[in-house]
Amino acid sequence: MDIYLKRDKNYNLPCYRERENPQHIINKKANLKLNYVASIFRCALGGHILEIKDRFLSKNLILEKLRYVKELNLTYKIENRFFAMSYDLIYEATYQAEDKLLETHSCAFAVKLKGAVSVSGAQFMDQGSECTPEDIEGYLNRLNNALILNRIKALDLTDISVSYKASTSTWTVKCRSLIGSTTWNFIPPVLHLITPRKEECIQLIEFYELVLDAVTHKQ
């Protein structure tokens with residue numbers, strides 16, 4: 001005897017699907033928040049943004065008329081917390097080094113931060129670079145420039161990494177920021193965005209430009 005499963009007549013209704021996938025519904029709302037963050041960048045940077053490539057929980061800003069930053073990726077990283085779910089904003093940019101500025105060894109630097117609640121101090125540290133001690137010292141001297149460190153503190157940037165991959169001749173700069181991040185609170189159920197100001201968007205681009213200038217010019 002053939003047995004056929006009977007499907008609920010309300011299966012295709014939106015409310016039914018929402019009950020099935022509550023996490024996906026929250027993710028979609030967070031994605032709208034990230035769309036809004038990207039729109040603030042567009043407004044702040046004006047003619048420097050050529051295009052915004054839209055992916056779910058990730059936006060790629062295509063930039064022009066800047067020295068180093070040609071693309072800036074904004075991605076939400078989901079973290080489960082006590083009675084909340086956070087969508088931490090991760091920024092990432094890569095730069096293809098010019099022939100005359102190539103580094104022959106892989107490099108890696110990270111930032112040691114001070115401050116329990118907000119960033120009160122920052123210092124770049126070596127993370128096992130393969131270049132000479134003299135080159136490492138030079139990189140750190142240029143990275144620990146007041147213009148760079150002040151932007152780290154002003155924007156509360158964390159998890160900052162700067163790395164060079166010799167096989168592809170590319171520098172990658174990555175960081176996490178509370179500004180632009182979104183949090184879903186279970187009690188009460190509300191989605192909260194830390195909205196970036198236009199000047200903070202500009203400062204972030206300045207941070208990336210300054211860091212990439214520091215690592216690509218040894219003079």
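Read the figures in this text as sums done on the coordinates, not as results from a lab. Only a predicted model underlies this, so the values are computations on that prediction, with no experimental measurement involved. For neighbour counting, all protein chains shown are included, and Cβ atoms are generated from backbone atoms with ideal geometry for every residue, glycine included.
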Per residue, the convex hull volume that the Cα atoms of the stretch 85-219 enclose (Å³): 120 Å³
Using a Gaussian network for the chain with springs between C-alpha atoms less than 10 Å apart, which of these wobbles most: Glu92, Glu51, Glu206? Glu51
Relative contact order for the chain, counting Cα pairs under 8 Å that sit 6 or more residues apart, in percent: 21 percent
³J(HN,Hα), Karplus 6.51/-1.76/1.60, whole Hz, each residue of the stretch 146-162, x for Gly, Pro: 4, 5, 6, 5, 5, 6, 4, 5, 5, 9, 6, 7, 9, 6, 7, 9, 10
Ignoring chymotrypsin sites (Phe, Trp or Tyr not before Pro) buried by more than 10 other Cβ within 10 Å or outside DSSP loops, the longest site-free run in the chain is 84-219
What list of ³J(HN,Hα) couplings, whole Hz, do you get for the stretch 28-44 from phi and the Karplus terms 6.51, -1.76, 1.60, once you set θ to phi - 60° and write x for glycine and proline? 5, 5, 5, 4, 5, 5, 5, 4, 5, 4, 4, 5, 5, 4, 4, 5, 6
Place +1 on the Cβ of every Lys and Arg and -1 on the Cβ of every Asp and Glu in the chain, take the dipole about the Cα centre, and give the residue among Val173, Phe56, Val69 whose Cα lies farthest towards its positive end. Phe56
Assuming R0 = 25 Å, what is the FRET efficiency of Thr132 and Asp99, from their Cβ-Cβ distance, to the nearest 0.05? 0.75
So, with points 7 Å from each Cα along the Cβ direction, the Cys43-Ser118 label distance in nm works out to 2.2 nm
In the structure displayed, which of Lys28/Lys77; Lys28/Lys165; Lys70/Lys114; Lys112/Lys153; Lys114/Lys218; Lys174/Lys198 lie more than 23 Å apart, Cα to Cα? Lys28/Lys165; Lys70/Lys114; Lys114/Lys218
Normalised by the number of residues in the stretch 168-219, what is the relative contact order in percent for Cα pairs under 8 Å and 6+ residues apart? 30 percent
In whole Hz, with x marking every Gly and Pro, tabulate ³J(HN,Hα) for the stretch 187-194 from phi via Karplus 6.51 cos²θ - 1.76 cosθ + 1.60, θ = phi - 60°. 10, x, x, 8, 9, 10, 9, 7
Stretched out fully, how many nm does the piece from Phe56 to Ala166 gain, at 0.36 nm a residue minus the Cα gap? 36.5 nm
Taking r as the C-beta separation of Lys77 and Lys218 and R0 as 30 Å, the FRET efficiency to the nearest 0.05 is 0.35
Helix 133-143 vs. the chain, principal-axis angle (Cα, 0 to 90°, nearest 10): 60 degrees
Label model pair Lys28, Thr195: point-to-point distance (7 angstrom along the Cα→beta-carbon line) in nm is 2.4 nm
Run a plain Debye calculation on the stretch 135-190 (Cα atoms as equal point scatterers, no solvent) and give log10 I(q)/I(0) at q = 0.25 Å⁻¹, rounded to two decimals, same order as the q list. -1.10
Find how many whole Å separate the alpha carbon centroid of the stretch 108-154 from the alpha carbon centroid of the stretch 160-218. 15 Å
Rounded to a whole number, the Stokes-Einstein D of the stretch 45-87 in µm²/s (Kirkwood radius over Cα pairs; 25 °C; 0.890 mPa s) is 204 µm²/s
